[in-house]
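The values are calculated or read from the model by the stated rules, or taken from the named source; none is laboratory data. Remember, it's a predicted structure, so these values are computed and weren't measured experimentally. Using ideal geometry, Cβ is built from the backbone for each residue, glycine included, and neighbour counts are taken over all protein chains shown.
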Amino acid sequence: MKWELGKIWIKELQFGPDSKLDKDGTVTLDKAALIEKLMEDRRIAAVGLEIAKPGERTRIIPVKDVIEPRVKVKGEGGGFPGVTHKIAKAGSGRTHALSGMAVVTIGDIVGIQEGIIDMWGEGARYTPFSRTLNLVVDIKPVQGLTPHEHEEVVRLAGLKASAWVGALAKDCEPDELEVFEWGSIAECVRKYPELPKVVYIEMLISQGLLHDTYVYGIDAKQMLPTLFHPNEILDGAVVSGNCVAACDKITTYQHLNNSVIRELYNKHGKELNFLGVILTPELVTLEGKIRSANHAVNLALLIGAEGAIVTEEGYGNTDTDLLMICRKLEEQGIKAVLITDECAGRDGSSQPLADTTPEAKAVVSTGNVSHLISLEPADRVLGNDKAIANLSGGYDESLLADGTIRCELNAIIGSTSEIGYFNVTTKLY
Amino acid sequence: MDTPVRIIYYLNQFFGQAGGEDKAGMEPILREEAVGPAAVFDGMARDWGSVVGTVVCGDNYFNENKPEALKRILEMLKQTGAELLVAGPAFNAGRYGMACAELCREAAALLGIPAVTGMYRENPGVDACKKDIYIIETGDSAAGMKSVLSKMAGFAPKLLRQLPIGTPEEEGYIPKGIRKTVFSEKNGSARAVEMLLARLRGEAFETEMPMADFDRVDPAPPVQNLASATIALVSSGGIVPKGNPDRIESASATKFGRYSLAGLDTLDASSYETIHGGYDPVYANLDPNRVVPLDVLREMERSGRIGKVHEYYYATTGTGTSVANAVQFGKEIGAMLQQEKVDAVLLVST
């Protein structure tokens, strides 16, 4: 299967009378037209649109999801198949991306899993989304929606907005073209018989409101671990349900740009033989955890994996899923490297995970979620900074009178990404 | 530093040249000179400090009369106007290590005097005090005395001037067990793939997170007679009175709450809610008894299956809460329940 990702480097983002993408990388958006499009969903009472640029003293809170605007220009399907567009197989043909830009959804708090993006200063250092030109979509739902409906409304509005903006890139010549070509496991093994065979096991939070993930539109709670072609995930098969704490939720943007898949692709055929991706749901019951772990490991075994990268989403009970998968892999002789963040307490002196197993001998840490940071007052707040009191990582005294926020990394979107998307770790002192 | 820093040096009877095991019972004495290792250290610190006195104390005396020994030595530090305490190195000598560790810790905590010592990793003094003080790592025998003293002399000025302290590898101290969040050059994905390739090639690799040894708690024996037992409800599911009066965090809790159940038959959705950020809250908010099952326990109380429901329930948030905080909550809640004469606990997680 061959898929091309054409990247158009976006240099400027502005509102104007007509929506267009100029050759110099300037995106102009017709505000009214996009609002009208999103208001087609009758569950939305009002939409606000704002732009936030790197370096501005702008704070975005509470952030639900981040999405890269894209459009399918060749081949089957489009958008997020099974969610925003009709069902199709993702991962072949060509997709164009507005690289360097992101759609960020905010709005009344749904749960306690939303987060912060600061576009400047200390906060900006801790999130990759301070470096993108952000179209901030503020969704106010009609009254009387249940929390589950509210979450769905916001999720779909973000995906729709990104598809709407992405469509501007339909006829553009990309600045950069990446090719992702990968046939079958049998072919790879024949081609590179001497290279070690590696599978990626990506764990997806699947635990109810704001803890869900959608795979081709299916709620991941309802699926058994399944083997995927890596291209499918890079091309929109997986959508975030705005899940878990902001620091380690896998935003839709990060699914589309999954850094483990990219890293394995880079080394495929040179240093390793990439066998594909197993998506496995993290369930709430012990029975569910055992079933997922058994099945994920069984798939790895069936395809002949010798090594596995396993990434977690969330923390706490899902540490058990991570370590259970690790133990079962190692018992089968498959060498595992885990990526996880840690809950070492505000002073960093606590043991990092909620579970333990001696088989977890190779672990990458993406930082302590309770690491405290101080965010200086913003000139402009998009959303509502009072939300910090209820966010994971915030506390009652988080917001000071002058607008300073003191909080844990927990509240910063993407800071401790457990797919290893970002450059944070811990060191033992 | 213009005027030389006043250094007081601590040694046991052996290194303090008072004698061997026969002198292990000697009480602390202050010699107004640099003795043995203290003299070597004095030479190394020439540019910034001077050893103005050496305290020598027997290992047995210190360990068998800790409060008295500490009191007397701290008094000596005060009298001499000590600005820095250097102790040992104790290598793998257990009693000596304990003395160095505890003296350094107390001097720093009670008198605010920066203190540094040196020990072998397995010296019992390490576990006793590594969290509180800097211990320069040594081998297990005194053979490396000079190089350890040189490391200690290089490190001490950083403590004195409150300069940033580097990693254990850079500075040579035994890790204090603090996990600091830092930026990395490569992202996590790249580090993970490199680590896996190293494993697959049989090359050396270093985990970024050594697994903890968990203590396993044996389940308590079954309650002999439920009909006369007082049962308490404790939950990490975040059910609190509406408005969250104790402002318990929705993740990474730093506290727990204790709430009265007097006169209540059920936890009504109009008065109780969950503030837990780790699960779908909708169903717990519809009926908080799903997490703190007061309704069912009251029925059992009325029918006589249990003696009575304890007057208070305890609640915190489990998600993202560090194990250290959880252990602390457990100890405090356990002590209160014991005091309140509770026989058994229904511990509800989510």
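Observations
- Considering the range B:187-203, and only residues there that are in a loop (DSSP other than H, G, I, E, B) and more than 31 Å from the chain's Cα centre (by Cα), the residue that is farthest from the other protein chains (Cβ to nearest Cβ) turns out to be B:203.
- When residue B:76 is tested against (1) buried (at least 19 other Cβ atoms within 10 Å of the Cβ); (2) farther than 17 Å from residue B:128 by Cα, exactly one condition is not met: (1).
- Residue A:304 more than 11 Å from every other protein chain (Cβ to nearest Cβ), modelled with pLDDT of 95 or more, at positive phi and assigned to a strand (DSSP E or B): no
- Residues being assigned to a helix (DSSP H, G or I) and farther than 22 Å from residue A:171 by Cβ - total across the range A:19-47: 5
- Here residue B:141 fulfils each of the conditions (1) under 22 Å from residue B:18 (Cβ atoms); (2) of a type in the set (S, T, N, Q); (3) at pLDDT 95 or above apart from (3).
- Residue B:157 more than 14 Å from chain A (Cβ to nearest Cβ) and in contact (Cβ under 8 Å) with a residue 60 or more places away in the chain: yes
- Assessment of the range A:186-204 against the conditions (at pLDDT below 95, out of contact with any His (no Cβ under 6 Å at 6 or more places or on another chain), surrounded by 22 or more Cβ atoms within 10 Å (Cβ to Cβ) and under 24 Å from residue A:342 (Cβ atoms)) yields no matching residue.
- Of the candidates A:329, A:286, A:299, the single residue that is over 21 Å from the mean Cα position of the chain (by Cα), under 19 Å from residue B:211 (Cβ atoms) and of a type outside the set (S, T, N, Q) is A:329.
- Here the range B:257-279 is the region considered, the condition is being under 17 Å from residue A:395 (Cβ atoms) and facing chain A (nearest Cβ under 9 Å), and the residue that is surrounded by the most Cβ atoms within 10 Å (Cβ to Cβ) is B:278.
One line per residue, one yes/no per condition, for (1) on the phi > 0 side of the Ramachandran plot; (2) of a type in the set (Lys, Arg); (3) at pLDDT 95 or above:
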residue	(1), (2), (3)
A:334	no, no, yes
A:366	no, no, yes
A:381	no, no, yes
A:397	no, no, no
A:405	no, no, yes
A:417	no, no, yes
A:427	no, yes, no
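- Within the range A:369-405, restricting attention to residues that are touching a Lys or Arg at 6+ places or on another chain (Cβ under 6 Å) and hydroxyl-bearing (Ser, Thr, Tyr), the residue that is nearest to residue A:130 (Cα to Cα) is A:374.
- Residue count, the range B:227-256 (criterion: in contact with a strand residue (DSSP E or B) (Cβ under 8 Å, 6 or more places away or on another chain), more than 13 Å from every other protein chain (Cβ to nearest Cβ) and closer than 18 Å to residue B:311 by Cβ): 10
- Subset tally (residues that are buried (at least 17 other Cβ atoms within 10 Å of the Cβ) and in contact (Cβ under 8 Å) with a residue 40 or more places away in the chain) for the range B:286-312: 11
- Among (1) touching a Leu at 6+ places or on another chain (Cβ under 9 Å); (2) outside any strand (DSSP E or B); (3) in contact (Cβ under 8 Å) with a residue 40 or more places away in the chain - the single one residue B:280 does not satisfy: (3)
- Whichever residue in the range A:271-285 is in contact (Cβ under 8 Å) with a residue 12 or more places away in the chain and over 16 Å from residue A:312 (Cα atoms) and, among such residues, is surrounded by the most Cβ atoms within 10 Å (Cβ to Cβ): A:275
- Qualifying positions in the range A:80-117 - hydroxyl-bearing (Ser, Thr, Tyr) and not in a strand (DSSP E or B): A:84, A:92
- Residues that are crowded, with 16+ Cβ neighbours inside 10 Å and among the β-branched types (Val, Ile, Thr), drawn from the range A:1-50: A:8, A:10, A:27, A:28, A:35, A:44, A:47
- Unmet criterion (only one of (1) assigned to a loop (DSSP other than H, G, I, E, B); (2) of a type outside the set (D, E, K, R); (3) at pLDDT 90 or above; (4) out of contact with any strand residue (DSSP E or B) (no Cβ under 7 Å at 6 or more places or on another chain)) for residue B:214: (3)
- Of the residues making up the range A:163-170, one or more are away from every other protein chain (no Cβ under 14 Å) and in contact with a Gly (Cβ under 7 Å, 6 or more places away or on another chain).
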